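Throughout, read-outs are computed from the coordinates displayed, never taken from laboratory work. Note that the structure is a prediction, hence the values are computed from the model and not measured. With ideal geometry, Cβ positions are generated from the backbone for all residues, glycine too; neighbour counts draw on all protein chains shown.
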Amino acid sequence: MKQKLFGIGICMLMFVAAVLPVVATETGCASCGDQTVKWEQLPDMTENGTDVCVTSTMEIPRMLADDFKCTMTGPITDVHLWGSWFQDLKGIIKMIHLSIHEDIPANESPAHYSMPGKVLWQMNFSAGQFTEKLYHEGTAEWWWDPYTGELVPKADHAIWQYDINISATNAFIQQGTPNHPVIYWLDVYVETSTGVFGWKTAGVQWNDDAVYRVGAPTPTWLELKYPTGHPLQGRSIDLAFRITTTPVCCYKVAIPHISLFKLKVRVTETCNQSHTNVPWNITITRGTTHAYFTGTIAAIAAGSTVTITSGSLSGFGSFTISVKVNDCPPVVKRGFLFLWIVIVF
């Protein structure tokens with residue numbers, strides 16, 4: 001009878017161990033994939049294209065801004081600007097200033113046109129934090145300085161592209177969605193060691209005019225319209241820029257339960273794309289014993305679930321499992337087992 005009871009007790013313990021819950025569902029995120037364009041206004045490469053002076057000095061603290069619409073929540077990790085150098089005398093940009101502002105719509109603006117509002121994010125980028133490349137050449141274009149009124153035809157013949165990379169830790173997180181878009185403003189000024197740089201006008205017009213800031217210590221924003229003497233005089237000006245993001249892939253790691261002496265770890269990608277050969281590693285710690293498993297997930301399609309399978313570990317008592325996918329933060333879970341088991345991933 002005692003042996004029978006003992007056997008029943010062992011079976012009960014095995015049952016308890018088999019169903020003991022180890023519930024953990026957490027998400028870690030990592031950058032992956034190619035850049036995704038969040039907004040784009042390409043430069044006007046016709047003879048009507050104009051460079052609006054954006055070089056700030058002690059004498060004239062210039063700053064230009066244009067609005068854009070966000071329909072995709074996420075970080076801005078790259079800003080791309082187009083512009084030209086006055087009289088094609090290419091100089092050196094020593095600093096680019098970027099700011100993101102709230103939108104003050106026309107019906108709420110004291111000037112009755114929309115303009116930048118509260119500053120939400122700003123950074124300065126020095127040499128080495130941005131790159132430049134020749135984008136287009138051969139078309140004679142205009143130069144205009146709204147601060148001095150100077151308007152010069154055929155002032156330059158080359159368009160340069162400046163790419164500014166923003167680390168994920170410093171990036172501004174946009175909040176717009178397709179159903180609830182948000183309008184923001186990007187403002188820009190540059191400081192140069194040589195040469196005078198202008199921000200290129202865009203080939204298409206969206207929403208309200210770009211603006212330039214005047215006045216101190218209480219600045220205001222004035223609309224940018226093509227000046228008298230320009231072929232497009234009186235029309236709205238928009239400025240050329242592109243906003244992109246490096247997709248952030250989120251991997252949901254779930255340790256649902258122990259079933260039939262098997263601890264299953266599921267990894268689900270929540271990105272809107274598929275990835276192959278995603279690296280992962282698992283560490284199991286029981287006392288002073290550590291077991292390490294590494295490999296790659298052959299494929300994780302958006303919204304699908306993949307169970308990692310590799311290795312085993314036996315023993316009694318408490319354990320800690322750490323699952324790390326790609327560069328995501330690890331998911332750590334502690335559990336306790338009453339008898340010898342085999343853990344399968």
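Using a Förster radius of 22 Å, what is the FRET efficiency between E47 and E132 based on their Cβ-Cβ separation? Nearest 0.05, please.
Working from the Cβ atoms, E equals 0.40.
So for each of 139-146, 94-101, 229-236 I average, over its residues, the number of other beta carbons within 10 Å; can you give me the resulting order with the highest mean first?
Highest-to-lowest ranking by the protection proxy: 139-146, 94-101, 229-236.
If Lys and Arg each add +1 and Asp and Glu each add -1, what is the summed charge of the other residues whose beta carbon sits under 11 Å from the beta carbon of I164?
That sum, taken over residues with Cβ under 11 Å, equals -2.
Which part of region 206-232 falls in the paramagnetic zone of K69, meaning amide N under 11 Å from the point 7 Å along Cα-to-beta-carbon?
Flagged as within label range: 206-208.
Do you know the relative contact order of region 36-245, to the nearest whole percent, from alpha carbon pairs under 8 angstrom that are 6+ apart?
It rounds to 39 percent for region 36-245.
Mind checking the log10 I(q)/I(0) for region 47-95 at q = 0.15, 0.21, 0.23, 0.25 Å⁻¹? Debye, one equal scatterer per Cα, no solvent, two decimals.
Debye intensities relative to I(0), on a log10 scale: -0.64, -1.03, -1.13, -1.21.
How big is the equivalent ellipsoid of region 36-245 along its three axes, where each semi-axis is √(5λ) from the Cα gyration tensor, reported in whole Å from largest to smallest?
In descending order, the three semi-axes are 25, 20, 17 Å.
Mean separation of Cα pairs under 8 Å and 6+ residues apart, divided by the residue count of region 72-123: what relative contact order is that in percent?
For region 72-123, the relative contact order is 29 percent.
Any of K69/K200; K118/K324; K69/K252 with alpha carbons more than 28 Å apart? Name them for me.
K118/K324; K69/K252
Considering only the other residues whose Cβ falls under 14 Å of the Cβ of T177, what net charge follows from Lys and Arg at +1 and Asp and Glu at -1?
+2
What is the distance, in nm, between label points placed 7 Å from the Cα along the Cα-to-Cβ direction at Y113 and at I173?
It is 3.5 nm.
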